[in-house]
Structures are given as C-alpha cells and as structure tokens.
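Asks: Take a look at the following structure, please.
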Amino acid sequence: MKDILTAPFIVELCRTCSNMYAHGWDERNGGNISILLDEAQVGEYLDLSTVQRSIPAGFSAPELAGKIFLVTGTGKYFKNVAYDPARNLGIVRLDESGTAAQLLWGFSDGGSFTSEFAAHMMSHAVRLTADPKHRVVMHCHPNNLLAMSFVHDLDSRAFTKTLWQMCTECIMVFPDGVNVLPWMLCGTTAIGEATAQQMRSARLVVWAQHGIYGAGADLDETFGLIETAEKAATVYLKIAHLPWKQTITDAQLHLVEERYGVTAREGWLD
Ligand code: 2HA
Ligand code: ZN
C-alpha cells in the first residue's frame, strides 16, 4: 500500500483548501469540498474492505451507492487542512442503500463529513447525469458574490447577465450561467435538494447572503469557475454605484460565442 498522504487527490485538496483560505473565501469553518474518487485509485492507498465506522447520511441517494468520496469535515477550518489532512478530511463510501457513509480513512478525531453533505451528494448525482466527467463539488463564501446578493436582483438570468458583462471571458468560462437560490436555511436536506435542482442547468449556484456552489471535472476547473464569477462580482461592486458609460452588449457577447465556440444558456442573450 502506498502512503495516502502522498496521494495526488489528498495533496491537491490540501493545496486547494489553503489557496481558498488565502483568497478569504473560507473564514473559520466556512466552506466544504467533496471529490468523487476512482475506486481503483483509492485501492492503491487503502484496503477498501476495512470500514472504520458507519455515519448516517441523513438522506437517501441510492444512485451514489458504492461510490467513494473525499470530503472535508464538519467544523474544520480550511486553513488547517494541509497541516493535518487525516483529522480534517475523510474518505467515505456510500453504502448499498445510499443512506449511510462508511468511513474508510480520516476524521481521525472522531469527526464527520461537512454539514452540507446532502447538498454535495445530491449535486454529485445530478452533475454525473449531466456530465460523465464530473467529479468535484465546492462550496465557499467569496466576499463579492456574497455582497452582490444583497444589492442585485436575484433572478438567475439577470444575475448571470450582469456577471457576463463584467469581464469578456466570463461567458467563455461559464456559458451555462449562474443559478441563484434565495436565502434558505443551510445544512438541511431542503437546501440540498434545491441546490441539486439548480445544478441541472448550471455548474454555479449562488446561495443568496451565504456563498456559492461550484461543480466541475477537477479542482482546478471548479476553483476557476468560482474565481471567475467572483472576479466579475468584484468589478460589479466597483462600478454598481457609478454612472455606466458602456458595457459589453449582447451583440458583443454573441461575437465571443462565435469566435470561441461557446454557447450561452438558451434564451439568456437577446
Ligand atoms: O460548514 O460553509 O454552509 C460551513 C459552511 C456551511
Ligand atoms: Zn457555507
């Protein structure tokens, strides 16, 4: 067996958590990440027949039965993940019923997975049907997207169009747009279901007055999605209170679509 602390999925998640903390997106225990792992890949590091303990999931996701996830722990601080991965992270396998998680590694202080496990697992199930390459769900609290959710209309199309207009590359990075959920109680199955529902049509879902969810094929892609939306929100907040002399028009956004071979969400450009 190889040393799991050298596994690329652990090393890369540690780096990502430190980076997100450095961006100010994950104060205290804010934020959570889960990654769908390949069974053969994990098998190089762990004996998959040894279950340390079973943790009730609090919901049912039978479509994920048997799947293995690397996930951040509840109450754990992103800034600390790299210093003690075995305490702050866990590797769990959803059991046959999809209602409990079998702990294979980690949460070494007796801890458990993120309080947003429902939102993560339900989003994975939805994104996997939309995109077989999907692997990562990431949640964090980026300052400017959060601030924007106080002052901007929460209609998903209007919110997305504002972001697309803030930097030319936004529409290339997230042509599927951003879906916005109104404020809801976090940590519940209800917000998990609502998030997953929004993930059917977009890889970014804003939780108003809370933060954002991103989904993608790997950590870099998912981080990059959130980073680009957050950049656009930063520009928006710098100019929202000033008179605008010009913006990027829908005709110009259509030129970006044509030149770069991306297709904006159906009906969202005029
Ligand atoms: O666990 O971000 O939404 C911290 C959170 C919950
Ligand atoms: Zn949060």
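Asks: I'd like the full set of residues that are closer than 14 Å to residue 176 by Cβ and away from ligand 2 (no atom under 16 Å from the Cβ), limited to segment 225-252.
Replies: 225, 228 - these are the residues of segment 225-252 that are closer than 14 Å to residue 176 by Cβ and away from ligand 2 (no atom under 16 Å from the Cβ).
Asks: What about residue 230, is it modelled with pLDDT of 95 or more, of a type in the set (Asp, Glu) and away from ligand 1 (no atom under 16 Å from the Cβ)?
Replies: Considered against the rule, which asks whether it is modelled with pLDDT of 95 or more, of a type in the set (Asp, Glu) and away from ligand 1 (no atom under 16 Å from the Cβ), residue 230 comes out as no.
Asks: Another question, if that's okay. Determine which single condition residue 212 fails, assuming it passes every other condition in (1) assigned to a helix (DSSP H, G or I); (2) within 15 Å of ligand 2 (Cβ to nearest atom); (3) under 14 Å from the mean Cα position of the chain (by Cα).
Replies: Only one criterion in (1) assigned to a helix (DSSP H, G or I); (2) within 15 Å of ligand 2 (Cβ to nearest atom); (3) under 14 Å from the mean Cα position of the chain (by Cα) is unmet by residue 212, namely (1).
Asks: Please give the number of the condition residue 97 fails out of (1) within 16 Å of ligand 2 (Cβ to nearest atom); (2) over 16 Å from residue 191 (Cα atoms); (3) not acidic (Asp, Glu).
Replies: (1)
Asks: What do you reckon, is residue 117 closer than 26 Å to residue 27 by Cα and open to solvent by 20 Å² or more (accessible area, probe 1.4 Å)?
Replies: Considered against the rule, which asks whether it is closer than 26 Å to residue 27 by Cα and open to solvent by 20 Å² or more (accessible area, probe 1.4 Å), residue 117 comes out as no.
Asks: Condition first: out of contact with any strand residue (DSSP E or B) (no Cβ under 8 Å at 6 or more places or on another chain) and touching a residue at least 24 places away in the same chain (Cβ under 8 Å). Now tell me which residues in segment 2-13 satisfy that.
Replies: Answer for segment 2-13, where residues must be out of contact with any strand residue (DSSP E or B) (no Cβ under 8 Å at 6 or more places or on another chain) and touching a residue at least 24 places away in the same chain (Cβ under 8 Å): 2, 3, 5, 7, 12.
Asks: Ok, one more. Taking the condition of being within 16 Å of ligand 2 (Cβ to nearest atom) and either assigned to a strand (DSSP E or B) or within 22 Å of residue 23 (Cα to Cα) (or both), how many residues in segment 151-184 meet it?
Replies: Residues of segment 151-184 within 16 Å of ligand 2 (Cβ to nearest atom): 180-184.
Retained after the next criterion (residues that are either assigned to a strand (DSSP E or B) or within 22 Å of residue 23 (Cα to Cα) (or both)): 180-181.
Selection size over segment 151-184: 2.
Asks: Related question: If residue 267 meets every condition in (1) small (Gly, Ala, Ser); (2) open to solvent by 50 Å² or more (accessible area, probe 1.4 Å); (3) assigned to a helix (DSSP H, G or I) apart from one, which number is that one?
Replies: Condition not satisfied by residue 267: (3).
Asks: Filter segment 110-158 down to residues that are acidic (Asp, Glu) and within 12 Å of ligand 1 (Cβ to nearest atom), then give me how many there are.
Replies: Within segment 110-158, residues that are acidic (Asp, Glu) and within 12 Å of ligand 1 (Cβ to nearest atom) number 1.
The values are calculated or read from the model by the stated rules, or taken from the named source; none is laboratory data. Since the model is a prediction, treat every value here as computed from it, not as a measurement. Note: ideal-geometry Cβ built from the backbone for every residue, glycine included; neighbour counts use all protein chains shown. Surface accessibility is based on the protein's heavy atoms, side chains included, excluding ligands, DNA and RNA. Shrake-Rupley method; radii C 1.70, N 1.55, O 1.52, S 1.80 Å.
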